[in-house]
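One structure is given here, and the rest of the page talks about it.
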Amino acid sequence: KENFNIEIWTSRSSWLTGRMLTLDNNKVMSQELLNFWLSAGMPSALIEKKRLEKPFNFGDFVKKIPLGYRRVIDNEVLTIGNKKWIVRLTDGHAPEQLILYCPELKIFISSDQILPGISPNISVYPTEPNANPLAEYFESCEKLVKIKDSDYLVLPGHNLPFYGLNSRIKQLIDHHETALKRIEEYINKNPKSAFDIFPVLFKRKINESEMVLALGEAVAHLNYLLNCGIIKREVSDEGVNLFVK
């Protein structure tokens, strides 16, 4: 926008979130962030190691979001060139993430909401520790399934284009529902933290570089079960959230 004076079109939540994140200017790891990791069950030795690391500031890597923008709303029809594109706003991975599709061209731009081969990261963050993004993701996916045409060429935010939108949506929903069942069975016997459920959620070893994202995903699945009334949450004397059936 600075260089070419081009108007930014996006959803309100996307713009506000971007503006908020670029304001981060932490010189040291915040105690609030460390407390969130502690509540999720991150081992104390790793917390102390991270305490000494340079914080990740979004603004260090992304240029400041422009002051003004043009808001795009759900179900709005945009004219791009001479084609009509329909807007769908989705949640779960990112707030009000834009998806565009053109019935005439049979092209569906799925952003990071629907990906081939991998599932989008659905995480809880320290900014909203009691959020339920997995419920938002399910709701958004169900909204997309109502787009009946299955012969769209899907252009995802990662990996290669593909066909079979609705079948891929079903695969992603099944993936998370199966994981939720495994977690429910796992915590049926003893209280577990988000860190404790790594083996049943990911079914592989999580290395240190993946730890923060993995904790966010684990908390998201536990918060979903908590909000459904399937499990309960207790807090240990050390401040760790423990979940039990």
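Checking the stated criteria, LEU201 turns out to be assigned to a helix (DSSP H, G or I), within 30 Å of GLU53 (Cα to Cα), among the hydrophobic types (A, V, I, L, M, F, W, C) and free of Cβ contacts under 8 Å to residues at least 40 places away in the same chain.
With respect to GLU2, is the statement that it is part of a loop (DSSP other than H, G, I, E, B), in contact (Cβ under 8 Å) with a residue 40 or more places away in the chain, of a type outside the set (S, T, N, Q) and loosely packed, with under 14 Cβ neighbours inside 10 Å true? Judged against the criteria, GLU2 is a match.
Mind checking whether some residue in the stretch 160-180 is assigned to a strand (DSSP E or B) and either more than 15 Å from VAL219 (Cα to Cα) or touching a residue at least 12 places away in the same chain (Cβ under 8 Å) (or both)? Before you say what the answer is, go through the steps one by one.
Step one: list which residues in the stretch 160-180 are assigned to a strand (DSSP E or B), which gives 162.
Remaining after also requiring either more than 15 Å from VAL219 (Cα to Cα) or touching a residue at least 12 places away in the same chain (Cβ under 8 Å) (or both): 162.
Yes, the stretch 160-180 contains a residue that is assigned to a strand (DSSP E or B) and either more than 15 Å from VAL219 (Cα to Cα) or touching a residue at least 12 places away in the same chain (Cβ under 8 Å) (or both).
Taking ASN35, is it modelled with pLDDT of 95 or more, among the polar types (S, T, N, Q) and loosely packed, with under 14 Cβ neighbours inside 10 Å?
Values: modelled with pLDDT of 95 or more: yes; among the polar types (S, T, N, Q): yes; loosely packed, with under 14 Cβ neighbours inside 10 Å: no.
So ASN35 does not fit the description; no.
The sole residue among GLY68, GLY41 that is part of a loop (DSSP other than H, G, I, E, B) and over 30 Å from ALA218 (Cα atoms) is GLY68. Every test in (1) out of contact with any Leu (no Cβ under 8 Å at 6 or more places or on another chain); (2) within 24 Å of PRO95 (Cβ to Cβ); (3) assigned to a helix (DSSP H, G or I); (4) among the hydrophobic types (A, V, I, L, M, F, W, C) is passed by LEU155 save one, and that test is (3). Candidates in the stretch 181-198 are the residues that are buried (at least 19 other Cβ atoms within 10 Å of the Cβ) and assigned to a loop (DSSP other than H, G, I, E, B); of these, the one that is farthest from the chain's Cα centre (by Cα) is ILE187.
When you look at ILE65, is it buried (at least 17 other Cβ atoms within 10 Å of the Cβ), in contact with a Ser or Thr (Cβ under 6 Å, 6 or more places away or on another chain) and either farther than 30 Å from ASN166 by Cβ or modelled with pLDDT under 95 (or both), yes or no?
On the way: buried (at least 17 other Cβ atoms within 10 Å of the Cβ): yes; in contact with a Ser or Thr (Cβ under 6 Å, 6 or more places away or on another chain): yes; either farther than 30 Å from ASN166 by Cβ or modelled with pLDDT under 95 (or both): yes.
Criteria met by ILE65.
The values are calculated or read from the model by the stated rules, or taken from the named source; none is laboratory data. Since we're looking at a predicted model, the values are computed, not measured. So basically every Cβ, Gly included, is an ideal-geometry build from the backbone, and we count neighbours across all protein chains shown.
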